[in-house]
Amino acid sequence: AGGGALAMQPAAAAEALPTELNPINRSRHLELAKDKLTIRYVGQGSHAHDIGAIQANRPVPRTVFVYYYECTVVNAGTRGSFALGLAERSFDLARKPGWDPNSFGYHAEDGRKFAHNDRGESYENSIVSFSPCSSGDVLGCGLLFDEPSVFFTRNGMHLGRAFSVPPGLELLPTAALHSPNETLIFNFGAAPFAFDLAGFVRKERNSRYIQALSSPVASQDVLALVRSYCLHKAYTKTYALLGDNHDCGGGGIRGQSAVQQSTSSGGKPGAWQTAPTGNGSGGGGCGSVRLPPAASAEAAAAAAAPADPNTSAARHAPRTGIADTGLPFQQLVECSLRCVEAHANALDAHYSSALCHESHVRTHLSVARAHVHESRVRVEVERGCPSLHTAAPELRQHTRSQVF
């Protein structure tokens, strides 16, 4: 996705990113350099209404995981009362971001965060103690879309989550200056950031991955997920094997196979495996897949115990095809995917064998065609030369050698 955004969709479908400041959508109190990245406050800065604000040329893309930009303080001016953040296109350019509805800002003069009001609040969980901004400081603003929430950085340090953002807003990078000679240079991703954006994204994605794996998921949902994977990868036999009735023909995760404790085969207590009760061929190797250890030996024993068919729960329980052992979502998915991979490997082996047989068949076909062609030529020669039937063997052999 480039620059200050890390995408979660293909680049072809990505929205255009902000690249520079908008020379039209800016206050008259600001001077914009030719690079369209450097702004300087040229007003008096003596009244609340002579704030100079400016926005980027494009809104923040909404098809990314996180968007981020930075600005470097070239000159903090007389008071260092500048601010940066995000705001809608209709934002009042005589105000600071965070004062008006649907705007969010970090104000450098007091280190407070603002959203929808002009009072602001402090970063209570910030690990960076506030000090006035000076020349060389780097401030950053980011928008995390899956929550969504706004965060700010200073000199590469993450200051923490600032505010939640209502979904669907079209926000633009926005900055406001309010004291003479304040000068900022913006970086929309053309140069490296002071903040480790890639590391931040890895950390956020990993935390969401861990959270997803720790979430309890019903075995029916896991099976539906595996079946959708099989359908996507065109593993039709496995997809059919894990059908709505989930009878895996003796090789499924449960189906007609008996879930038994692996201590009889030297395994550790609490480890599980599926043992086919049919002909042993199963469903492409599903019967040999071992389930990961259960949460406890008691839970595993309860899962292995045959259900009483006379109980109401047993009569109305859905046939899931997966032993409800209380395993976490990750272990159930890994076990199911190992079944799928076993089928995939078997299909790959069959496909390779089929290709080999096809090659042999093509070779035999080519030889047969050569023999047919030879026979046809021989017939035509003999029809055109009847004397070959009575000619001497040496002459006949000579003629054939000339033809073939």
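The values are calculated or read from the model by the stated rules, or taken from the named source; none is laboratory data. Predicted, not measured: the structure shown is a model, and the values here were computed from it. Reconstructed Cβ throughout: ideal geometry from the backbone, glycine too, with neighbour counts over all protein chains shown. Quick note on the areas: whole protein, heavy atoms, side chains included, nothing else; ligands and nucleic acids left out. Shrake-Rupley method; radii C 1.70, N 1.55, O 1.52, S 1.80 Å.
Residues are listed down the side, and each one gets a yes or a no for (1) of a type in the set (D, E, K, R); (2) outside any loop (DSSP other than H, G, I, E, B):
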{"residue": "Ala53", "(1), (2)": "no, yes"}
{"residue": "Arg58", "(1), (2)": "yes, no"}
{"residue": "Ser81", "(1), (2)": "no, no"}
{"residue": "Gly85", "(1), (2)": "no, yes"}
{"residue": "Glu109", "(1), (2)": "yes, no"}
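Whether any residue in region 146-166 is open to solvent by 30 Å² or more (accessible area, probe 1.4 Å) and of a type in the set (A, V, I, L, M) is what I want to check.
yes
So if I check each of Phe152, Phe114, Phe130, which one is in contact (Cβ under 8 Å) with a residue 40 or more places away in the chain and either outside any strand (DSSP E or B) or aromatic (Phe, Trp, Tyr) (or both)?
Just one listed residue meets the conditions, Phe152.
Enumerate the helices (runs of 4 or more DSSP H) found wholly within region 307-404, keeping only those where 3 or more residues are closer than 30 Å to Gly243 by Cα, modelled with pLDDT of 70 or more and not hydroxyl-bearing (Ser, Thr, Tyr).
In region 307-404, 329-384 are the helices (runs of 4 or more DSSP H) which contain 3 or more residues that are closer than 30 Å to Gly243 by Cα, modelled with pLDDT of 70 or more and not hydroxyl-bearing (Ser, Thr, Tyr).
Tell me, which residue of region 211-235 that is in a helix (DSSP H, G or I) and free of Cβ contacts under 8 Å to residues at least 24 places away in the same chain is least open to solvent (accessible area, probe 1.4 Å)?
Keep residues of region 211-235 that are in a helix (DSSP H, G or I), which gives 211-214, 219-232.
So of that shortlist, the ones also free of Cβ contacts under 8 Å to residues at least 24 places away in the same chain come out as 211, 221, 224, 227-228, 231-232.
Working: Gln211: 120, Asp221: 90, Ala224: 58, Arg227: 38, Ser228: 61, Leu231: 110, His232: 146 Å².
Taking the candidates together, the pick is Arg227.
Name every residue in region 11-29 that is open to solvent by less than 10 Å² (accessible area, probe 1.4 Å) and either part of a strand (DSSP E or B) or of a type in the set (Lys, Arg) (or both), in order of residue number.
Leu21
Residue by residue through region 144-191, note down the ones that are under 19 Å from Ile51 (Cβ atoms) and among the acidic types (Asp, Glu).
The answer is Glu182, and nothing else.
Return yes or no: is Gly199 small (Gly, Ala, Ser) and either within 30 Å of Glu31 (Cα to Cα) or buried (at least 17 other Cβ atoms within 10 Å of the Cβ) (or both)?
In short, no.
Do you know which of the residues in region 60-79 that are part of a loop (DSSP other than H, G, I, E, B) and in contact with a strand residue (DSSP E or B) (Cβ under 8 Å, 6 or more places away or on another chain) is surrounded by the fewest Cβ atoms within 10 Å (Cβ to Cβ)?
This residue is Thr63.
Condition first: open to solvent by 10 Å² or more (accessible area, probe 1.4 Å) and either among the charged types (D, E, K, R) or closer than 22 Å to Gly98 by Cβ (or both). Now tell me which residues in region 33-49 satisfy that.
Lys34, Asp35, Lys36, Arg40, Gly43, Ser46, His47, Ala48, His49
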